[in-house]
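Here the structure comes first, spelled out in structure tokens, and everything after it is commentary.
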Amino acid sequence: MMGPWHHGQEIDDGSTLGALKFNSDTAFYFRQKILLPFLDHYLKNGAPPDDIPPVSAFETGTNTWERLPAWPAGCAKGCAIHSKPMYLSAGLRLGFDAPKSDDAKFDEYVSDPAKPVPFRARPIQPIGYGTGYTWAQWLVDDQREASGRPDVVAFVSDVLTAPIKISGQPVANLIASTSGTDSDWVVKLIDVYPDEVPGQPAMGGYQLMVSADVFRGRYRESLENATPIAADKPLLYHFALPTANHVFLPGHKIMVQIQSSWFPLYDRNPQTFVPSIFWAKPGDYRKAVQRIYHSPQQASFIELPLVVIP
């Protein structure tokens, strides 16, 4: 069972999460329609057969519950899931067409460990639950604060004319280089809302993070053994992002943000290879020029687990 909540919210009100409104109490639905029949079936004598599917997953975007046969990739009867690349292109464009020109081979930014990209808009609250605390909803924070920074590159699609539905794990295929000898790569898949959302003015232009993760470059060749990165050499970074069950609606855009720090969610990478970052010295922390490549020969893209209905 997968619901649209922060940790523990399934026993509370589930009609909202941060700025998102689901038009129903999703947590109440879970307790009444999924949890109660399950417990009745297994704990009560003479209980009726349960009708609980293998997977109950809430679909964000459409804000509906789905009955799925499997996970992490699942869709209802009569559909299929196909992995389809969405390419980063010159001009900070994002689309399903592969790059065709070598005119602009890459976009670049400078990553400075002394000024890392925060994972929330400042001032960042301490971890806490209860009145006044918003830490539990950080995964749905508006990402516009990050997209406006010079050390974040944001590739954006055209306005969607039809829904795009994903179910499963998006996969980052990043061709990137760094002027340092170690680097972090943060990739965020984002749903960009229209400039105006009827009845919800706060959601106009909202950038909702659908799936995101970080990959530490020193583990590119092996997750067991760290090795330095060859400076200024384009290399492939291939890693899966967390699962999502989401529909990008018509009128929205899809965005991919890339950055090299996510502080203090993840510790700062000195961007100079050291045997252990825990023992890095102040002089090891250096600025680095980061390049994201998007030429026909060095194409970067996000594999989307698209749900296709024949």
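The values are calculated or read from the model by the stated rules, or taken from the named source; none is laboratory data. This one's a predicted model, so the numbers in the text were calculated from it and none came from an experiment. Methodologically, a virtual Cβ is constructed for each residue, glycine included, from the backbone with ideal geometry; neighbour enumeration extends over all protein chains shown. With ligands, DNA and RNA removed, areas are computed over all heavy atoms of the protein, side chains included. Shrake-Rupley method; radii C 1.70, N 1.55, O 1.52, S 1.80 Å.
Side notes on the structure shown:
- ³J(HN,Hα) computed for each position of the range 71-88 - Karplus, 6.51 cos²θ - 1.76 cosθ + 1.60, integer Hz, glycine/proline x: 7, x, 10, x, 8, 5, 4, x, 10, 9, 10, 10, 6, 10, x, 10, 8, 7
- Relative contact order, percent, the range 1-87 [alpha-carbon distance under 8 Å, six or more residues apart]: 20
- Per residue, the chain exposes an accessible area of 51 Å² to a 1.4 Å probe, with every protein chain left in place.
- Length released on extending from residue 62 to residue 233, taking residue separation times 0.36 nm less the Cα-Cα span: 57.3 nm
- Efficiency of FRET between residue 196 and residue 139 - r from beta-carbon atoms, R0 25 angstrom, step 0.05: 0.55
- Separation in nanometres of the label points that stand 7 Å from Cα toward Cβ, at residue 159 and residue 100: 2.4
- Theoretical FRET efficiency, 1/(1+(r/R0)^6), r = Cβ-Cβ of residue 70 and residue 309, R0 22 Å, to 0.05: 0.80
- The Cα atoms of the range 12-140 give a gyration tensor whose axes a ≥ b ≥ c have a/c of 1.5 or more with a/b no greater than b/c, which makes the shape oblate.
- P(r) tail for the chain: Cα pairs beyond 33 Å make up 31% of the total.
- Accessible surface of the chain [probe 1.4 Å, protein heavy atoms]: carbon and sulfur percent: 56
- Selection among 24, 114, 127 by position relative to the dipole of the range 1-145 gives 24 as farthest towards the positive end (Cβ unit charges, Cα centre).
- Computed over the range 31-163, relative contact order equals 15 percent, with contacts defined as Cα pairs under 8 Å that lie 6+ residues apart.
- Length-normalised contact order of the chain in % [C-alpha pairs under 8 Å, at least 6 apart]: 26
- Overall dimensions of the range 174-310, expressed as equivalent-ellipsoid semi-axes from the Cα gyration tensor (√(5λ), whole Å, largest first), are 33, 18, 14.
- Environment charge of residue 27, counting only residues whose C-beta is closer than 15 Å and scoring Lys/Arg +1, Asp/Glu -1: -1
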